[in-house]
Amino acid sequence: MRSEIEPLLRVRDLSVTFPAAPDRTYAVVERVSFDVGRGEIVGLVGESGSGKSMSLLSILGAVPRPGLVSATSLSFEGRDLLALSEPARRELRGSRIALIPADALGALDPVLRVGEQTADVIVDHDAQPRRSIATARVLEAFREVSLPNPKSRFRSYPHQLSGGMQQRVVIAAGLLLTPDLLLADEPTTALDATIQAQVLRLLASIRETRGVSIILVSHDLATVAMISDRILVMYAARIVESGPTLAVMSAPAHPYTRALLAAAPTLDREITTTLPTIPGAPPDLRVSDQGCRFRARCPVFEFLGAPSECVSSDPPLRPVADGRLAACHHVDEGFPVVGAGTLASGSLP
């Protein structure tokens, strides 16, 4: 995954652990590695609890105690994020790396007008702020994210805005200090399909106009595929597949990725067709297990009659075709994608 050009963000062997007992810990993120290039959108996909959001918090230096972050390398523009002091981390957050939270309404203070609290982002990072300048910059950011009637919305309280408008406000707040990296944590989850598409178009437009890099987190593989250049599929604290979006979507290598695609509704599937589901639930990460973490839900494991290697060892990521990596002992055996239609990447409805 190394390139001749230094990536904006380099993550190697990132792990986040929490205590399970006085003498034992468990990992909610385990040996995760990836790069984010300049101007690149990387999609991070997985079920709830897979470690997506905790990975973002690790980049921000905001993992809650008693969580412990470790990595062979966790660097932003060559700077070691784990070695930064708290004041240096605070300076980096917002100004160079910004978070777009999943719950826009929950992120906004209900008793402050949205313009006022958005302007506070500038005030908090400026030693001698001028409120008039902050107000002008907020209005400019509101226009950039296509918030209707910015001057009127500036004086609105969060509850007076629709869900889509609230999301645009938090995106505007993230853009105020011209960051190089946006961490978008499920920014479309609470929105209807039409507003989801609008927010995704907005993120894609921001990448084009500002050259900003984006990590887009979602539980929905099809949503991420619409604007991402590359996709990382996460399961039970580990990345199980990664690669260029078109390659992953057209020929998924890991059984979990294939199952996610099979469960997605598509235009070429009849309305009466029952969507397949992934049975069971992810493993309890507090319980030690040496085998493949997906095996209890894996149709390949069942089809092959519970092969011993799947029980005894957790497969590492290894190269497959088209620049992809996949963590599966049987990735080369070419099992078909049962029930999955064709999902086109790179286009929005």
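The values are calculated or read from the model by the stated rules, or taken from the named source; none is laboratory data. This is a predicted model, so every value here is computed, not measured. Heads up, the Cβs are rebuilt from the backbone with ideal geometry, glycines too, and the neighbour counts pull from every protein chain shown. All accessible areas refer to the heavy atoms of the entire protein, side chains included, with ligands and DNA or RNA removed. Shrake-Rupley method; radii C 1.70, N 1.55, O 1.52, S 1.80 Å.
DSSP assigns beta bridges within the chain; of those with both partners inside it, close to 60 percent run antiparallel.
Counting only protein heavy atoms and a probe of 1.4 Å, the accessible surface of the chain is 54% carbon and sulfur.
Given the Cα-Cα distance of Glu47 and Gln198 and 0.36 nm per residue of separation, how much length would full extension add, in nm?
Values: separation 151, 0.36 × 151 = 54.36 nm, distance 2.34 nm.
Computed gain between Glu47 and Gln198 is 52.0 nm.
Mean residue ellipticity, 222 nm, helices only, the chain: the sum of -39500 (n - 2.57) across DSSP H runs of n ≥ 4, divided by residue count and rounded to 500, is -9000 deg cm²/dmol. Label separation (Ala62 vs Tyr157): 2.5 nm, computed from points 7 Å beyond Cα along the C-beta direction.
For region 94-101, the Karplus equation 6.51 cos²θ - 1.76 cosθ + 1.60, evaluated at θ = phi - 60°, returns couplings of x, 7, 10, 10, 10, 9, 9, x Hz by residue, with Gly and Pro reported as x.
When nucleic acids and ligands are ignored and a 1.4 Å probe is applied, Val69 ends up with an accessible area of around 40 Å². Placing a pseudo-label 7 Å from each Cα along the Cα-to-Cβ vector at Ser95 and Ser205 gives an inter-label distance of 2.9 nm.
Give me the dipole magnitude in Debye, nearest 20, for the chain about the Cα centre, with unit charges on the beta carbon: positive for Lys and Arg, negative for Asp and Glu. For this selection, approximately 820 debye.
Leaving out ligands and nucleic acids, and using a 1.4 Å probe, what accessible area per residue does the chain come to in Å²?
That works out to 48 Å² per residue.
When the surface is traced with a 1.4 Å probe over the full set of protein chains, Leu147 keeps roughly 10 Å² accessible. Of Val111, Val123, Val145, the residue with the largest accessible area leads and the full order is Val111, Val123, Val145 (1.4 Å probe).
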